[in-house]
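Notes follow the structure.
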Amino acid sequence: MQQSVVSMILFLYIFISVALLFFNIIYMLSSGTKSKVMKYTIRREMDEQRSIMENVPAMVDQRYRRRLYRKIKNEYGLLICVEALEKNYGRLEEDNITEYMIACRNVIFDAAAVYRKKEAMERALFAYFISLLPEKAVPEYYRMGELLLAYLDHSTVYCRENVLQALYTLGNENALIRALQMLQENRWYHEPKLLSDGMLHYRGDKNDLARRLWNQKWGDQMKTVLIRFMTRLEEDMSDLVLPELETGRNELCFAAIRYFATHINREAEPVLLKILREDGDTAVAAAQTLGNYPDESVKEALHSRQWDVRRNSAESLMKMKFSKEEIARLCSDEDRYAREMFIYVLESRGKTGCWEQ
Amino acid sequence: MIYATYLLLSVSVGAWDLYYANKMRRIKNEIRHDFYFPVSILVPAYNEEVTIVDSIESLLKLNYRLYEIIIVDDGSSDDTVKVLVEHFKMRMEHRPIRKRLMCEQEKAVYKAEGLRVPVTLISKHNGGKGDALNMGINASAYPYFLCIDADSMLQTDSLEKIVQPVMEEDNVVAVGGLVRAAQSLKIKDGKRVGYRMPWNLVTSMQIMEYDRSFLAARILMDRFNGNMIISGAFGLFKKDVVIAAGGYDRETLGEDMELVVRLHVFFRLFLDVVRVTAFIGYKKRKKQWGNIKRVKQGGV
């Protein structure tokens, strides 16, 4: 009896496996056909978009708008539009695309409302579509930022990333701030690097954005993101970052130290030297940053018990100028580890001799 | 019966996950970034004079902004070191290496000049693959390392794909890639342009087993964070996590599996070992029975 049950189950498995095999064969054949059909459809869409973009107000009539709405309200149609638009970007003048997007504005807003009720995957696609907007069309779509905020709820990391990219494109500061607040309030993890680098694509005034963001209430993780963002900006925001140097909170302190590596500020120097002397975790970053603040104290850090501090100090010393005697002294230091590191960095920079002050 | 159930489940789950992942990518659900995390590629080598230069040349063509290559010669008795030094015009340097993990002493360190990517060659006393990888970890400069075999070839987008899961979740500390036999492929300019089963029965069985393991079993185990292995032919790890766990075991044969199991034990709930389902890494496989035996015995 037991044997017959096992046999039946095994036959069932064999049946399922054979069915899976047939399914796979049919899937492979059909996906080959599907991808050819898709390529053809995209080409046709590209041609249609091109002919309309070259004659925008006349061609974008009520009938076209209704057709466009029917097309983009489902995911497949939207994908075709997106692929065609991406390819047309390289082939048409941006002004043509701008006029087209402005003329279709109402349709796209209507579609945004439809996509709000769809799955996260489809919402992500719509947000990606918005992130393709040309710069001159952005003022007409400013309000889209508020609509996209609703996409963040019950979503995936991909959807959130695409929404953020769309918000950077729209240059809607209020919506972007609200989106970041939602990330923090709901504790949705979003890679800090994606956030800080993504903000560089913000189409509005980035310096203004940075200052406005800084004035909100954030936890350490978001503050770290903001400092990394500010590090890549040209405007000096040392007044905001300097207090964070002394917080003693590692991630924040690391980010602040790296800020002062690119934005030289003499007021930060004593704090950086203090961090270096304390020889904690953040001393590693301080040793590297102090290469831009020539100070004899960096030589002492060559004797640090931390390997990375010794290496970074040696690298920083390469940015300073020394006399022959000083080089010789460092190359024959009693501390074997300091000596080894200094000579290695010296040789790797090709500085076999000395460089005079 | 139990194994049949496991096979069926793994194939079904694997097929579904792959379909879903493909669909997501098609409709722009993926993390795209110009500048991912910097990665150190560790290449342990033992008597690889025939293939090592081609492998390193393929690594230099990866589409990735910031990475370095560290080749660790594990006391080869052939001309592996000589071939590399001559081909890449390397020069010796007196580089101090921070030994956070136990490994044999290095004999010499070489660095290549003028290449797009920093390439370092460390020649050391023989200690096994685990030992060589530990040396590579000690010498690496970046927070993530990718271990590959010296006879592996990577697709040009391999690094980009394997780093993405790390950006998607904060508790991912290791990511495995798909390894396939090179005999089943046609590769052009670092891109896979064709894939078919060869006529040779033994090679075909090897290829099927690789595909079953990577595309089915491991995807199923990922669902429960139960993946016990990330292939040493292509696996990405967070460096400080591996160092905290003690690095690779120098005495064992299956050092890749041993490390992953130890990471599970070490971190318990904090570990998420994830699989990457992409056709990324290819490993040359020979069809002779003799060579299969050598692979089983864990030769480098």
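Say whether the condition of being more than 14 Å from every other protein chain (Cβ to nearest Cβ), open to solvent by 30 Å² or more (accessible area, probe 1.4 Å), in contact with a Phe, Trp or Tyr (Cβ under 9 Å, 6 or more places away or on another chain) and charged (D, E, K, R) is met by at least one residue in region A:122-136. No, region A:122-136 contains no residue that is more than 14 Å from every other protein chain (Cβ to nearest Cβ), open to solvent by 30 Å² or more (accessible area, probe 1.4 Å), in contact with a Phe, Trp or Tyr (Cβ under 9 Å, 6 or more places away or on another chain) and charged (D, E, K, R). Restricting B:Y36, B:Y67 to residues that are within 29 Å of A:G350 (Cβ to Cβ), among the hydroxyl-bearing types (S, T, Y) and under 20 Å from the mean Cα position of the chain (by Cα) narrows the list to B:Y67. The helices (runs of 4 or more DSSP H) falling completely within region A:1-114 that include 3 or more residues that are of a type in the set (D, E, K, R) map to A:2-53, A:62-72, A:75-89, A:94-103. Beta carbons closer than 6 Å, at least 6 apart along the sequence or on distinct chains, never pair a first residue in region A:1-30 that is more than 10 Å from chain B (Cβ to nearest Cβ) and closer than 13 Å to B:T5 by Cα with a second that is part of a helix (DSSP H, G or I) and open to solvent by 60 Å² or more (accessible area, probe 1.4 Å). Of the residues in region A:157-178, none is among the basic types (K, R), open to solvent by 50 Å² or more (accessible area, probe 1.4 Å) and at pLDDT below 95. Scanning region B:118-146 for residues that are under 22 Å from B:M257 (Cα atoms) and either of a type in the set (A, V, I, L, M) or touching an Asp or Glu at 6+ places or on another chain (Cβ under 8 Å) (or both) yields a total of 13.
May I ask you to list the residues in region B:215-268 that are surrounded by fewer than 18 Cβ atoms within 10 Å (Cβ to Cβ) and of a type in the set (F, W, Y)? Correct list: B:F224, B:F266, B:F267.
Please determine, by comparing only the residues of region B:5-21 that are open to solvent by 30 Å² or more (accessible area, probe 1.4 Å) and not aromatic (F, W, Y), which one is farthest from the other protein chains (Cβ to nearest Cβ).
B:D17
Has region B:22-40 got any residue that is out of contact with any His (no Cβ under 9 Å at 6 or more places or on another chain) and more than 14 Å from chain A (Cβ to nearest Cβ)? So far as region B:22-40 goes, yes, one or more of its residues are out of contact with any His (no Cβ under 9 Å at 6 or more places or on another chain) and more than 14 Å from chain A (Cβ to nearest Cβ).
Considering region A:236-272, the residues that are outside any helix (DSSP H, G or I) and free of Cβ contacts under 8 Å to residues at least 12 places away in the same chain include one that is farthest from A:L226 (Cα to Cα), namely A:G248. Condition (residue is of a type in the set (S, T, N, Q), within 30 Å of B:E86 (Cα to Cα) and not in a helix (DSSP H, G or I)) applied to region B:18-40: is it met by at least one residue? Yes; the residues of region B:18-40 include at least one that is of a type in the set (S, T, N, Q), within 30 Å of B:E86 (Cα to Cα) and not in a helix (DSSP H, G or I). Count of region A:199-216 residues, restricted to those that are within 14 Å of another protein chain (Cβ to nearest Cβ) and surrounded by fewer than 20 Cβ atoms within 10 Å (Cβ to Cβ), is 2.
Quick grid of which residues meet (1) touching a helix residue (DSSP H, G or I) at 6+ places or on another chain (Cβ under 8 Å); (2) in contact (Cβ under 8 Å) with a residue 40 or more places away in the chain; (3) of a type in the set (V, I, T); (4) farther than 16 Å from B:L42 by Cβ:
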| residue | (1), (2), (3), (4) |
| --- | --- |
| B:R65 | no, no, no, yes |
| B:I70 | yes, yes, yes, no |
| B:D78 | no, no, no, yes |
| B:K82 | no, no, no, yes |
| B:Y110 | yes, no, no, no |
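Which residues, taken from region A:217-240, are more than 17 Å from the chain's Cα centre (by Cα) and more than 21 Å from A:E161 (Cα to Cα)? I'd like the intermediate steps shown before the answer.
Of all residues in region A:217-240, those more than 17 Å from the chain's Cα centre (by Cα) come to A:217-220, A:234-240.
Matches in region A:217-240: A:K217, A:E234, A:E235, A:D236, A:M237, A:S238, A:D239, A:L240.
Taken together, B:M92, B:M102 contain a single residue that is within 28 Å of A:A314 (Cβ to Cβ), among the hydrophobic types (A, V, I, L, M, F, W, C), open to solvent by 60 Å² or more (accessible area, probe 1.4 Å) and touching a Phe, Trp or Tyr at 6+ places or on another chain (Cβ under 8 Å), which is B:M92. Given the condition more than 13 Å from every other protein chain (Cβ to nearest Cβ) and either of a type in the set (D, E) or surrounded by fewer than 19 Cβ atoms within 10 Å (Cβ to Cβ) (or both), answer yes or no: does some residue in region A:190-198 qualify? Within region A:190-198 (the criterion being more than 13 Å from every other protein chain (Cβ to nearest Cβ) and either of a type in the set (D, E) or surrounded by fewer than 19 Cβ atoms within 10 Å (Cβ to Cβ) (or both)), the answer is no, since none of the residues qualifies. Considering region A:34-93, and only residues there that are of a type in the set (F, W, Y) and farther than 24 Å from A:A113 by Cα, the residue that is most open to solvent (accessible area, probe 1.4 Å) turns out to be A:Y40. For region A:1-23, enumerate the residues that are open to solvent by less than 100 Å² (accessible area, probe 1.4 Å), over 21 Å from B:S10 (Cα atoms) and of a type outside the set (V, I, T). Within region A:1-23, A:S4 is the sole residue that qualifies. Residue check: B:L101 meets all listed conditions (1) within 14 Å of another protein chain (Cβ to nearest Cβ); (2) in contact with an Asp or Glu (Cβ under 8 Å, 6 or more places away or on another chain) but one, namely (2).
Among residues that are under 22 Å from the mean Cα position of the chain (by Cα), at pLDDT 95 or above and farther than 21 Å from B:G235 by Cβ, B:V81 is included.
The values are calculated or read from the model by the stated rules, or taken from the named source; none is laboratory data. Treat the numbers as computed from the prediction; the structure is a model and nothing was measured. Note that we place each Cβ from the backbone using ideal geometry, even for glycine, and neighbour counts take in every protein chain shown. Side chains are part of the model used for accessible areas, which takes the heavy atoms of the whole protein and leaves out ligands, DNA and RNA. Shrake-Rupley method; radii C 1.70, N 1.55, O 1.52, S 1.80 Å.
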